[in-house]
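Asker: There's a structure below that I have some questions on.
The values are calculated or read from the model by the stated rules, or taken from the named source; none is laboratory data. Owing to the predicted nature of the structure, the values given are computational and were not obtained by experimental measurement. A quick note on method: Cβ atoms are made from the backbone with ideal geometry, for glycine too, and the neighbour counts reach across all protein chains shown. The area values use the complete protein model at the heavy-atom level, side chains included, leaving out ligands, DNA and RNA. Shrake-Rupley method; radii C 1.70, N 1.55, O 1.52, S 1.80 Å.
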Amino acid sequence: MDKQSIRKMMKEKRLKNKTFLLHNQHILEKVLNHSRYQSSSTIGIYVSLKDEVDTLQIIENALLSHRVCVPKVHGDTMSFYEIKSLKDLTIGHFHVLEPITNILVEARDIELMIVPMLAFDKRLYRLGYGRGYYDKYMSHDFYGYKLGLAYSWQEVEYVPNDDYDQQLDEIITEKSCIL
């Protein structure tokens, strides 16, 4: 399947899956107990949309002991800004909560990057929403650990990938951790 077909299939699957709450709790526990999460001082993390793995509890927990930065879109690029609380977020591009702070965090300073996805495969390739924001960001001066969060039903046999697609280091689902 091509990327567009996989995106369409995953969006349809999201509408049928209603077990998000229980799965989110399992994923949350795995992230909070993860050695990379515990040892990283600066974490880059997306703010979840309705049908994505919920990151708000992860962010709230991380704010207690980590430097937390979240993405903001500027045209064709994405930058990460430090937040001190969830009150530092407002609705931005694509109806995603974005930071209102101006504390820019350089890619090289982020030790753990938690990324969203529509689909993934066992080779640790992810399929995003098609704009390439994360792939572009992680290909320039980012040296941290790339951790994807997804539900197990988002796994596909093969995600087509090009030279610019960034392979993740690990993907956590409610059922497993894929390395």
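Asker: With a ≥ b ≥ c the root eigenvalues of the C-alpha gyration tensor of region 17-120, is it rounded (a/c under 1.5), prolate (a/b larger than b/c) or oblate?
Answerer: Numbers: a/c = 1.67, a/b = 1.17, b/c = 1.43.
Judged from the Cα gyration tensor, region 17-120 comes out oblate (a/c at least 1.5, b/c at or above a/b).
Asker: Can I ask one more? Mind checking the full-extension length gain between residue 49 and residue 152? Use 0.36 nm per residue of separation minus the Cα-Cα distance, one decimal, nm.
Answerer: Values: separation 103, 0.36 × 103 = 37.08 nm, distance 1.75 nm.
Extra length available between residue 49 and residue 152 comes to 35.3 nm.
Asker: Right, something else. So, for region 37-179, what is the accessible surface per residue at a probe of 1.4 Å, expressed in square angstrom? It would help to have the intermediate numbers written out before the result.
Answerer: Numbers: 6760 Å² over 143 residues.
Using a 1.4 Å probe on heavy atoms only, each residue of region 37-179 averages 47 Å².
Asker: Evaluate 2.2 N^0.38 Å with N set to the residue count of the chain, then give the Cα radius of gyration divided by it. Before the final figure, lay out the partial values.
Answerer: Details: Rg = 15.1 Å, N = 179, 2.2 N^0.38 = 15.8 Å.
The reported ratio for this selection is 0.96.
Asker: Please compute the contact order of the chain in relative form: average sequence separation of alpha-carbon pairs under 8 Å and at least six residues apart, divided by the residue count, as a percent.
Answerer: Values: 332 pairs, mean separation 39.3, N = 179.
About 22 percent, as a whole number.
Asker: Full extension from residue 85 to residue 176: what is 0.36 nm times the residue separation minus their Cα-Cα distance, to one decimal in nm? Working shown, then result.
Answerer: Values: separation 91, 0.36 × 91 = 32.76 nm, distance 2.99 nm.
Fully extending the segment from residue 85 to residue 176 adds 29.8 nm.
Asker: Can you work out the FRET efficiency for the pair residue 5 and residue 77, with r the C-beta to C-beta distance and R0 = 22 Å, to the nearest 0.05?
Answerer: The computed FRET efficiency comes out at 0.20.
Asker: Would you rank 143, 164, 151 by solvent-accessible area, highest first, keeping every protein chain in place and using a 1.4 Å probe? Numbers along the way, then the final one.
Answerer: Working: 143 170, 164 135, 151 0 Å².
Order by accessible area, largest first: 143, 164, 151.
Asker: Same structure, new question: How big is the accessible area of residue 177 in square angstrom, nearest 10, if you roll a 1.4 angstrom probe over the protein chains?
Answerer: Estimated to the nearest 10 Å², residue 177 gives 70 Å².
Asker: I'd like the orientation of helix 3-16 relative to the chain: the angle between its Cα long axis and the longest Cα principal axis, in ° from 0 to 90, rounded to 10.
Answerer: Around 90 degrees separate the two axes.
Asker: Same structure, new question: Carbon and sulfur together cover what percent of the accessible area of region 1-134 at a 1.4 Å probe radius?
Answerer: Numbers: 3780 of 7040 Å².
In region 1-134, the share of accessible area belonging to carbon and sulfur is 54 percent.
Asker: Quickly estimate the mean residue ellipticity at 222 nm for the chain, helices only: each DSSP H run with n ≥ 4 gives -39500 (n - 2.57), and the total goes over all residues, rounded to 500. Before the final figure, lay out each step's value.
Answerer: Values: 5 runs with 45 residues, N = 179.
Computed mean residue ellipticity for the chain: -7000 deg cm²/dmol.
Asker: To the nearest 10 degrees, how steeply does helix 20-32 sit against the main Cα axis of the chain, on a 0 to 90 scale?
Answerer: 50
Asker: Where in region 130-166 are there trypsin sites (Lys or Arg not before Pro) that are in a DSSP coil and have at most 14 other Cβ atoms within 10 angstrom of their Cβ? Write down the numbers at each step before the final one.
Answerer: On the way: sites: 131, 136, 146; in loops: 131.
Passing sites in region 130-166 are 131.
Asker: Considering only DSSP states other than H, G, I, E and B, which GluC sites (Glu not before Pro) in region 106-179 qualify as loop sites with at most 11 other Cβ atoms within 10 Å? Present the calculation step by step, with values, prior to reporting the outcome.
Answerer: On the way: sites: 106, 111, 155, 157, 170, 174; in loops: 106, 111, 157, 174.
When the GluC sites (Glu not before Pro) of region 106-179 are filtered for loop state and at most 11 Cβ neighbours within 10 Å, 157 remain.
Asker: Determine, for region 77-179, the count of lysine pairs separated by eight or more sequence positions (or lying on different chains) whose alpha-carbon distance falls under 21 Å.
Answerer: Numbers: 122/146; 122/175; 136/146; 146/175.
Close lysine pairs found across region 77-179: 4.
Asker: Another question about this same structure. How big is the dipole moment of the chain about its Cα centre under a simple scheme where the beta carbon of each Lys and Arg is +1, that of each Asp and Glu is -1, and everything else is neutral? Debye, nearest 20, please.
Answerer: On the way: 23 positive and 25 negative charges, 107 e Å.
Roughly 520 debye, rounded to the nearest 20.
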